[in-house]
Amino acid sequence: MRRLSLDPVRGLEKLARYPFHVLSWVDAGGYPMSVAIGASISPGARTATFVPPAGLPVPTDREISLTGSHIRPQPGYGYDERRHVTAWGRAVRQGEALVLTATSAWGWDEQELPFFEYSERSVGQSRRYFDALSAERGTPVKPRLSPGWLILRATRLPFLSATIVPVVLGIAIAAAHGAFDLVTAVLTLIGASFAQLGLNVANDVFDSMQGADEANVTPTRYSGGSRVIQYGLVTFRRMAATAATFYVAAAAIGLVLLALRGSFALLTIGVVGFVISLAYTAPPLKLVYRGLGEIAVAVGFGPLMLVGAYVVQTGGALSWEPVVASIPIALLVALILYVNEIPDRRGDEHAGKRTLPVRFGRDAVILGYDLTVVAAYAALVIGVALGVLPIPTLLALLTIPLAYRVHAGLRPNYDNPYGLMAVMAVNIQVHLFAGVLLLAAYLIVLVVGALAPGVPLFIR
Amino acid sequence: MSALPEPVEELLEAALVAELTVVRADGRPVTYPLIPLYDGERIYMTSSVLFSRKLEHIRGNSRVAVSITDPVAVGGRKDRATIQGDARVIDEDPHGGWERLLPIWERKEPAIVAFLKQRVALPLFFERALIEVTPRRAFLWPNGLTGAAPRVSNAEGVR
C-alpha cells in the first residue's frame, strides 16, 4: 500500500528538489506562522540548514516544519502537476543558522499517486468525518447525490447495452424469420433489463460482503463496482432490497412471457439465466471469484439473452441462426468483463477474487484477449461461410479496427488503471457497435426480403 | 470593508495556491496547499470530506496562517505574505453549502465547473466544508525578500 507518510530521509530528498521552502512554526501567541526560506538540505544527515527569517523568532523548544509545494498553472483551466512534501523536526542554533533534524515527513505527488487513487484511499477519512458530524448533530449526516445520478450510479445503468444488444438482435432475427410481436418484444427487453440491473446491484452487494470493492483502491468509471455502499450513498440493506426488487420484477415479467409465449425452451433459458445471474457473485458458487465470470457473462449475455428473446417471438421454435449469431456477442461481452478486471486485479486478489487477470500474467491476459476477439470475428465469418448467418452480418467486421485499438492499448496501460479507462471505453464500443451493425444487417435482411425477395442473402 | 493591506489583497486575489498552516493537537504545525478565495474581508478555502483531517485540526485549534509564497502561483508577482487569523469550519450542508463560493473558485480554477457537472463520477470530492479565515495580522515581504523584516499590520474592521 502506498502511504502519504514518508521516511524522513525520503521526505528530505523530495524537499531538496523544491526551489524554496515554507518554514512553519507555532509562535508565542499560539498562531502558526509560515515564511518562505531557502534551506540547504542534507538527506543523508537528515538535516535542513537555513538562516531564520529576519525579525521573527523561530522556536527551538518545539517541532517546526519545512514544506515544499508545486503546481503548474494552466490558464483557462486551473493548474496541474500538484505535489507537496513536509518534514518535521526540532531545530538547533548553529551560529547564524538553524539546523532542523527531520524526524517525520509526509507528502503527495499526483504523478506517483494519481488523484483518483488518493481520493479512493481517503474514503475512510470521509466516513469518519460524517460519523463525527452525525454524532455532533445527533442526526445522521450523509453524502448525497441527486436521485437521477444515484440511480444511474447504483444500477450502473449505462452497462444495459450488454442486455439491449442481444435481446434486440434476437428479436430482429425472429422478425427476419417471420415472427414478431411488439408487446412480448417490449416485455422481453424490460424483463431482461431488470434481470441485468438486479445482477449489477447484487454484484455490488456480494462484493461488498466479501470485501472486494473495499479492497479496490483503483476503481474507474468502468470497473470497481458502483461503490455507492462504500461511499455511504446507499445502505447495504437498501442495495440488497433493490437487487431483490429487480429480480422479482424480472421474474414476474418472465412468468408473464411464459403465460403468453410459453415453451420448454423459454422456461429452461429463464431458469438457467436466473441461476447463473445469482451464482455470479453469490455464495456458494461465486463464479466470478473462481475465474468463471467470463464464461457466466458470455453464456448469460450471449446465447441466453439472444436465443431467449428469439424463442419468445417464435413461441419456442429454435434455429441455429440465433445460436451462431450469439457467439460473437457472447465473446465480445465477456471481453468487457475481462478487460475491466485488469485494473481491479490487485483489489480482487486481496479479496480472494481469483479472476483471470489475477490468475495470469500480463502476456497471458493480452494473449487471451487477442485469441478471444479473433474467435469472435472468426465465428461470424464461419457462420456466414456455412450459410447460417446472412452475408450483411459481415458488417460487424467493421469493428475490427476498434478491437485492434484495445489490443494496442492494453500493454502500455496494463499497470495504469486510469490510462486503461480509454481502452475500456473502446472495448465497450466494440461490443456495442458490433451489436448495432448486426442489427443493421438484419434490418437489411428484412428490407431486402420485403422489397426484393429473390436477392440471395445467404451463401448456400 | 477591506481588512488587509492592498498588496496582500492583490496576492490573495491572484494566488492559485496558498499554504494553510493549522496546529495539530500535539502542537505541531501542519501545512496544506489550498486555493485561497478572498471576498474582500475574509479568506475562504474549501476542503473535501475526503481530505478533512485539516478540518479536525481547525475544530481543535482555530488559529491558522495563510501564506502566499510561490511566485509561479501568483503570476510572477514577487511579493510574499502571510496572514494569521482565526478559522471557522462551515459545514452545515456539505453537499451544497460550499457552492456559494463557486463563482470566486471558478475565476481561479475554471475547470471546477465542468468537474462539478460530473459530480456522479467523484461524489465524495464534492461533499465539502468551507474554511472561513478572519484575518488578525498580516506580514508582507516586498519583493519576497524574507531575509528582511516583514511589514506587519493588524487586520482591523473584521469581527
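The values are calculated or read from the model by the stated rules, or taken from the named source; none is laboratory data. Remember, predicted model here, so these are calculated numbers, not experimental data. Quick reminder, even Gly has a Cβ in these numbers, built from the backbone with ideal geometry, and neighbours come from all protein chains shown.
Looking only at the stretch B:126-150, which residues are assigned to a helix (DSSP H, G or I), surrounded by fewer than 20 Cβ atoms within 10 Å (Cβ to Cβ) and on the phi < 0 side of the Ramachandran plot?
Matches in the stretch B:126-150: B:Pro142 only.
Only residues that are within 26 Å of A:Glu136 (Cβ to Cβ) and aliphatic (A, V, I, L, M): list them for the stretch B:80-101, please.
Scanning the stretch B:80-101 gives B:Ala87, B:Val89, B:Ile90, B:Leu101.
Take A:Ser319 and decide whether it is touching a residue at least 24 places away in the same chain (Cβ under 8 Å) and farther than 25 Å from A:Gln429 by Cα. I'd like the intermediate steps shown before the answer.
Values: touching a residue at least 24 places away in the same chain (Cβ under 8 Å): yes; farther than 25 Å from A:Gln429 by Cα: yes.
Judged against the criteria, A:Ser319 is a match.
Give A:Ala212, A:Ala175, A:Ala202 a once-over and let me know the one that is touching an Asp or Glu at 6+ places or on another chain (Cβ under 7 Å), over 18 Å from A:Pro303 (Cβ atoms) and either among the small types (Gly, Ala, Ser) or free of Cβ contacts under 8 Å to residues at least 60 places away in the same chain (or both). Steps first, answer last, please.
Values: A:Ala175 fails: touching an Asp or Glu at 6+ places or on another chain (Cβ under 7 Å); A:Ala202 fails: touching an Asp or Glu at 6+ places or on another chain (Cβ under 7 Å).
When all the criteria are applied, what remains is A:Ala212.
Please give the number of the condition A:Arg153 fails out of (1) touching a residue at least 60 places away in the same chain (Cβ under 8 Å); (2) outside the structural domain of A:Leu233 (by TED's automatic domain parsing).
(2)
Just one of B:Ala73, B:Ala81 is among the small types (Gly, Ala, Ser), touching a Pro at 6+ places or on another chain (Cβ under 8 Å) and more than 8 Å from chain A (Cβ to nearest Cβ); which is it?
None of the other options fit; the residue is B:Ala81.
Filtering the stretch A:421-460 down to residues that are surrounded by fewer than 14 Cβ atoms within 10 Å (Cβ to Cβ) and of a type in the set (Val, Ile, Thr), which residue is farthest from A:Ala385 (Cα to Cα)?
A:Val447
Quick one: count up the residues across the stretch B:1-58 that are facing chain A (nearest Cβ under 9 Å) and of a type in the set (Phe, Trp, Tyr).
Number satisfying all stated conditions: 2.
Yes/no per residue for (1) closer than 16 Å to A:Arg156 by Cα; (2) within 23 Å of the chain's Cα centre (by Cα); (3) at pLDDT 95 or above:
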{"site": "A:Ser193", "(1), (2), (3)": "yes, yes, yes"}
{"site": "A:Ala202", "(1), (2), (3)": "yes, yes, yes"}
{"site": "A:Met209", "(1), (2), (3)": "no, yes, no"}
{"site": "A:Ala240", "(1), (2), (3)": "yes, yes, yes"}
{"site": "A:Phe246", "(1), (2), (3)": "yes, yes, yes"}
{"site": "A:Val256", "(1), (2), (3)": "no, no, yes"}
{"site": "A:Ser263", "(1), (2), (3)": "no, no, no"}
{"site": "A:Leu267", "(1), (2), (3)": "no, no, yes"}
{"site": "A:Pro283", "(1), (2), (3)": "no, yes, no"}
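Look at the stretch A:226-249 and say how many of its residues are away from chain B (no Cβ under 14 Å) and surrounded by 20 or more Cβ atoms within 10 Å (Cβ to Cβ).
Here the count works out to 5.
Counting residues that are surrounded by fewer than 16 Cβ atoms within 10 Å (Cβ to Cβ), which helices (runs of 4 or more DSSP H) fully inside the stretch A:89-159 reach at least 2?
Numbers: elements: A:115-121, A:123-137, A:147-155.
Correct list: A:123-137, A:147-155.
Under the condition of being hydroxyl-bearing (Ser, Thr, Tyr) and crowded, with 16+ Cβ neighbours inside 10 Å, which residue from the stretch A:9-48 is nearest to the chain's Cα centre (by Cα)?
Filtering the stretch A:9-48 for residues that are hydroxyl-bearing (Ser, Thr, Tyr) and crowded, with 16+ Cβ neighbours inside 10 Å, the one nearest to the chain's Cα centre (by Cα) comes out as A:Tyr18.
What pairs come up if the first residue lies in the stretch B:93-110 and is within 9 Å of chain A (Cβ to nearest Cβ), the second is hydrophobic (A, V, I, L, M, F, W, C) and part of a helix (DSSP H, G or I), and their beta carbons are under 7 Å apart, counting only those six or more places apart or on different chains?
Final answer for the pair search is B:Pro94/B:Val49.
Which ones in the stretch A:65-84 are in contact with a Phe, Trp or Tyr (Cβ under 7 Å, 6 or more places away or on another chain) and more than 7 Å from every other protein chain (Cβ to nearest Cβ)?
Scanning the stretch A:65-84 gives A:Gly68, A:His70, A:Arg72, A:Arg83.
Go through A:Arg90, A:Arg127 for me and flag whichever is out of contact with any helix residue (DSSP H, G or I) (no Cβ under 7 Å at 6 or more places or on another chain), basic (Lys, Arg) and not assigned by TED's automatic domain parsing to the domain that holds A:Pro57.
None of the other options fit; the residue is A:Arg127.
Looking only at the stretch A:203-222, which residues are of a type in the set (Ser, Thr, Tyr) and under 18 Å from A:Arg290 (Cα atoms)?
Result: A:Ser208, single match.
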